[in-house]
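The values are calculated or read from the model by the stated rules, or taken from the named source; none is laboratory data. Just so we're clear, the structure is a prediction, and the values are computed from it rather than from any experiment. Cβ coordinates were reconstructed from backbone atoms using ideal geometry, including for glycine residues, and neighbour counts include every protein chain displayed.
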């Protein structure tokens, strides 16, 4: 009689090691976020059972590609100049260290039709996706919600129902920044906001508005920017043209604050003596003159949390639906 050989599975390894399936998977794929004790137990179970992962066979059966996408729906030039986006790319890449997953970076192309990236994601090219710096018309939210592809947003979606995301409390950060200006004695405080099709911009604007309203101060000095140095400079020019007597500026990103500082200097206004300035991000603020007072957005921790959540989803873990929200804090500089 021929005895049929039973090939051990990942579940068998996890059971023999006394760990969860996701822990066994991480231990086999490099040991990322696995305790030494769990790693030792999994290694022993592999030897005892004779487990050997067959990636080619697994791909045929599961249709797994062993790759995830990082979607940044911004022009590629932004990746090179925006420290937040560069930090996201670096953070996701580092978060995949110790796994066999490859990273696919998807950027927006000029003239690209809306929904192009979403259609690519739903075509089976990747196993999961992390989305950062998304805009309302990207169509990524409804596509991800209606499909089966595991995904995590870095930044609150407009409609978060059924979606996983991590974010900083943008409204709270704007309140901290604006209150710093109010406490300094500023009474005409402008806001340079980000793109109005991004939740971070809207939340930061609202935090600024509510803080000034609570202090009984006007909220009419507003100019929209685009999270770039050039956009911040153009917005600052518009603010000064309409409100030449401002004595405080909250810029919704450090890059826009940097542009605002240049314009204030060109107009002969001293910072912080004539106009105090607070930014948002704490990414490169030490390189401005004067050194920027700003709000810390913990991009490394945010991206690490998003990557960890996606890895758990890919491993079949039950992931809690509640978002992970990080608390911002003020970083003192010399501009306020």
Which of the residues spanning region 247-275 are surrounded by fewer than 22 Cβ atoms within 10 Å (Cβ to Cβ) and either under 16 Å from residue 208 (Cβ atoms) or not assigned by TED's automatic domain parsing to the domain that holds residue 217 (or both)? 247
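Restrict the check to region 245-253 and report whether at least one residue is part of a loop (DSSP other than H, G, I, E, B), touching a residue at least 24 places away in the same chain (Cβ under 8 Å), within 24 Å of residue 157 (Cα to Cα) and in contact with a helix residue (DSSP H, G or I) (Cβ under 7 Å, 6 or more places away or on another chain). Please lay out each step first, then the result.
First pass over region 245-253, keeping only residues part of a loop (DSSP other than H, G, I, E, B): 245-247, 252-253.
Pick out the ones that are also touching a residue at least 24 places away in the same chain (Cβ under 8 Å) and you get 245-247, 252-253.
From what's left, within 24 Å of residue 157 (Cα to Cα): 252-253.
Narrowing the set further to residues that are in contact with a helix residue (DSSP H, G or I) (Cβ under 7 Å, 6 or more places away or on another chain) leaves 252.
Among the residues of region 245-253, at least one is part of a loop (DSSP other than H, G, I, E, B), touching a residue at least 24 places away in the same chain (Cβ under 8 Å), within 24 Å of residue 157 (Cα to Cα) and in contact with a helix residue (DSSP H, G or I) (Cβ under 7 Å, 6 or more places away or on another chain), which makes the answer yes.
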In region 290-321, the residues that are more than 15 Å from the chain's Cα centre (by Cα), part of a helix (DSSP H, G or I) and surrounded by fewer than 24 Cβ atoms within 10 Å (Cβ to Cβ): 312, 313, 314
Is it fair to say residue 277 is touching a residue at least 60 places away in the same chain (Cβ under 8 Å), more than 30 Å from residue 131 (Cβ to Cβ) and outside any loop (DSSP other than H, G, I, E, B)? no
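Please go through region 218-227 and give me each residue that is surrounded by 17 or more Cβ atoms within 10 Å (Cβ to Cβ) and touching a helix residue (DSSP H, G or I) at 6+ places or on another chain (Cβ under 7 Å), ordered by number. Even if it seems obvious, please write down each step before you answer.
Going residue by residue through region 218-227, those that are surrounded by 17 or more Cβ atoms within 10 Å (Cβ to Cβ) are 221-227.
Those that are surrounded by 17 or more Cβ atoms within 10 Å (Cβ to Cβ) and touching a helix residue (DSSP H, G or I) at 6+ places or on another chain (Cβ under 7 Å): 221, 223, 224, 225, 227.
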Among the residues of region 189-214, what is the count of those that are in a loop (DSSP other than H, G, I, E, B) and surrounded by fewer than 17 Cβ atoms within 10 Å (Cβ to Cβ)? 2
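Quick one: count up the residues across region 128-148 that are at negative phi, assigned to a loop (DSSP other than H, G, I, E, B) and crowded, with 20+ Cβ neighbours inside 10 Å.
To start, the set of residues in region 128-148 that are at negative phi comprises 128-132, 134-138, 140-148.
Those still in the list that are assigned to a loop (DSSP other than H, G, I, E, B) too: 134-135, 147-148.
From what is left, the residues that are crowded, with 20+ Cβ neighbours inside 10 Å are 134.
Going through region 128-148 one residue at a time, the tally reaches 1.
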Only unsatisfied item for residue 160, checking (1) in contact with a helix residue (DSSP H, G or I) (Cβ under 7 Å, 6 or more places away or on another chain); (2) assigned by TED's automatic domain parsing to the domain that holds residue 72; (3) assigned to a loop (DSSP other than H, G, I, E, B); (4) under 22 Å from residue 303 (Cβ atoms), is (1)
More than 14 Å from residue 147 (Cα to Cα), touching a residue at least 40 places away in the same chain (Cβ under 8 Å) and out of contact with any strand residue (DSSP E or B) (no Cβ under 8 Å at 6 or more places or on another chain) - does that describe any residue in region 99-119? yes
Of the conditions (1) under 16 Å from the mean Cα position of the chain (by Cα); (2) outside any loop (DSSP other than H, G, I, E, B); (3) surrounded by fewer than 24 Cβ atoms within 10 Å (Cβ to Cβ), residue 230 fails just one. Which one is it? (1)
Cβ pairs under 6 Å, 6+ apart or interchain, first in region 167-188 and under 22 Å from residue 303 (Cβ atoms), second at pLDDT below 95, ordered by first then second residue, are 168/297
